[in-house]
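Accompanying notes for the structure given below.
The values are calculated or read from the model by the stated rules, or taken from the named source; none is laboratory data. This one's a predicted model, so the numbers in the text were calculated from it and none came from an experiment. Ideal geometry is used to build each Cβ from the backbone, glycine not excepted, and the neighbour counts take in all protein chains shown. Areas reflect the complete protein model, heavy atoms only, side chains present, ligands, DNA and RNA absent. Shrake-Rupley method; radii C 1.70, N 1.55, O 1.52, S 1.80 Å.
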There are 2 protein chains.
Amino acid sequence: MKDHDERPAPASAKMSGTEAGQPGSTRWWAERAAAADRRRPRTGGLSTARVVEAALQVLRECGFEALTVRAVADRLETSSGALYQHIASRDELIVLIADHYLGDVRLQGGGRGWRADVETLMREMRQILLDQPLPPSAAMGKAVWGPNTLRIIDAALGLFLDAGLTDEHATYATATMIDFVFGAAAIQRGGGRGPNGATGTDERSQFHNSLPADQFPALRTAGAAFLAASADDVFTNGMALLLDGVTSRFLNPH
Amino acid sequence: MKDHDERPAPASAKMSGTEAGQPGSTRWWAERAAAADRRRPRTGGLSTARVVEAALQVLRECGFEALTVRAVADRLETSSGALYQHIASRDELIVLIADHYLGDVRLQGGGRGWRADVETLMREMRQILLDQPLPPSAAMGKAVWGPNTLRIIDAALGLFLDAGLTDEHATYATATMIDFVFGAAAIQRGGGRGPNGATGTDERSQFHNSLPADQFPALRTAGAAFLAASADDVFTNGMALLLDGVTSRFLNPH
DNA sequence: ACCTGAACACCGTTCAAGT
DNA sequence: ACCTGAACACCGTTCAAGT
């Protein structure tokens, strides 16, 4: 019962409510676009774009741990306080960065049928999420409704609609696909399952042997397969299950 | 080109490598269990369990923002330095908390057939992830291979094995299910899609109208359905797609 | 309108010194 | 062996004052 709850309300309280949406929300993006239109930047001055650009450099070169407001300001040879004219908080900056990387997802499907095109899109999206330097904690902390995420949603929705799904079914298929891709990438990046299975070979058998004898009966029998499966194999099979489901439930209901 | 990259290597470097696994890894959990066995706690003293318990209280009462090492120490009426005898870092503490909440997932399936039982397990897991106070960024930042996660994996694996799947197929089904549930919960908690759809009704139409006319063709036609879909509906349909896929691919391949 | 410089109110973590 | 107290090296954010 000490005084750690007497602290003043966080600064974000001022921004929330009616003033501006939560970073990442549709509202926040809309207001951000409107504000950008109003702004008349003086030449050579700062801008949100320049702040984000500098942040990307810091992130790429020094990693997420080093991505501080002060480091970004240093890179721009200005004071940390100056950045708050262009971003409202560090959180906002991270949302901007997350959406930026999603912009690297390529959308041209090739037109080899809806199923092949959806698979290509899912693989592309996964690869971007795995390669991008934000840790899953930061990249997925706030759902992003920015323009680059909308591009992907639009592409997926379009493929399912072209395949003959109703609006509702295309919605479910798209949202499920996005949930799966994000979850798979986050767990892999978080250390859950690597390219060569859940753990190294030594560690795997050691782990398997350390399981208490009276617990985890299924892991005792199928645990070797579970620990050995690579993230790529799991992803490929997950896509197959999901798209089989789309076919059998939304396209060819018996 | 300032001096922010001249800082000393982070303290975690000392712990990584051969000394101890990354928090959350199988290795880390094993070493943690071994260390707990060696320890002979004096009565009335601190312990990892007491530290975690205090952290859970702080988290529940004051939220994640207030979950600092110092606040946990205050709650235990000790100094912050003292906690480092029992946890190696704040990150470790968060992994311990994440696994703790996964322990609330109930496993009794009811035996109404594999499909109903898997659905129950998925819903239960989702609910725990949604209700627990860690933000998705913290809860999913590190994949957790702790005892409580293994319980869930074991249960899922067991249901799929009982249904007649091979070890490999049960592995794919289980891992895909976990990826989907985590992704869905993280995106919902992050603000992506709420109980009443992606946004409020007003915001939804406003957002829809603000879409540029020459972009997002699919969102223009199916966007209303996409934004209106509730998180519950998306989850229910996602489960159906996934389990349909399991049936058609792993149980009744034509 | 935009930026500087300095301050405010914190952090996680370490470590000599005590018991 | 475990804990205290104090310090180290940082943080994000605010704001008067300048231009």
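Descriptive notes on the structure:
- Pairing each residue of the stretch B:65-82 that is open to solvent by 30 Å² or more (accessible area, probe 1.4 Å) with any residue that is more than 7 Å from DNA strand C (Cβ to nearest atom), provided the two are 6+ apart or on different chains, yields C-beta distances under 7 Å for B:E65/A:P10; B:D74/A:K2; B:R75/B:A54; B:R75/B:Q57; B:R75/B:V58; B:T78/B:L46; B:S79/B:A73; B:S80/B:A73.
- Restricting attention to the stretch B:83-128 and to residues that are among the polar types (S, T, N, Q) and assigned to a loop (DSSP other than H, G, I, E, B), the residue that is surrounded by the most Cβ atoms within 10 Å (Cβ to Cβ) turns out to be B:S89.
- Total residues in the stretch B:243-254, condition open to solvent by 10 Å² or more (accessible area, probe 1.4 Å) and at pLDDT 90 or above: 6
- Selection over the stretch A:225-239 of residues that are surrounded by fewer than 16 Cβ atoms within 10 Å (Cβ to Cβ) and in contact with a helix residue (DSSP H, G or I) (Cβ under 9 Å, 6 or more places away or on another chain) gives a count of 1.
- Check on B:R70, in a helix (DSSP H, G or I) and closer than 28 Å to B:R151 by Cβ: no
- Comparison of B:A229, B:A222, B:A240 shows that the only residue that is touching a strand residue (DSSP E or B) at 6+ places or on another chain (Cβ under 9 Å), within 7 Å of chain A (Cβ to nearest Cβ) and either at pLDDT 90 or above or closer than 26 Å to A:L159 by Cα (or both) is B:A229.
- Top-ranked residue of the stretch B:139-153 - restricted to ones that are outside any loop (DSSP other than H, G, I, E, B), facing chain A (nearest Cβ under 8 Å) and open to solvent by less than 20 Å² (accessible area, probe 1.4 Å), ranked as farthest from A:L241 (Cα to Cα): B:L150
- Taken together, B:E65, B:E61 contain a single residue that is within 21 Å of B:R189 (Cα to Cα) and within 14 Å of DNA strand D (Cβ to nearest atom), which is B:E65.
- Tallying residues that are more than 29 Å from A:L67 (Cα to Cα) and at pLDDT below 70 within the stretch B:1-53 yields 5.
- Scanning the stretch B:225-240 for residues that are under 22 Å from the mean Cα position of the chain (by Cα), part of a helix (DSSP H, G or I) and not aromatic (F, W, Y) yields a count of 9.
- Flag if A:F180 is within 9 Å of chain B (Cβ to nearest Cβ), more than 18 Å from the chain's Cα centre (by Cα) and crowded, with 22+ Cβ neighbours inside 10 Å: no
- Just one of the listed residues (A:F207, A:F160) is at the interface with another protein chain (Cβ under 7 Å from one of its Cβ atoms) and buried (at least 21 other Cβ atoms within 10 Å of the Cβ), and it is A:F207.
- Every pair of residues 6+ apart whose Cβ atoms lie under 9 Å, when the first sits in the stretch B:108-119 and is touching a residue at least 24 places away in the same chain (Cβ under 8 Å) while the second is open to solvent by 60 Å² or more (accessible area, probe 1.4 Å): B:W114/B:D162; B:D117/B:G110; B:D117/B:G111; B:D117/B:D162
- Flag if B:A54 is more than 12 Å from DNA strand C (Cβ to nearest atom) and open to solvent by 40 Å² or more (accessible area, probe 1.4 Å): no
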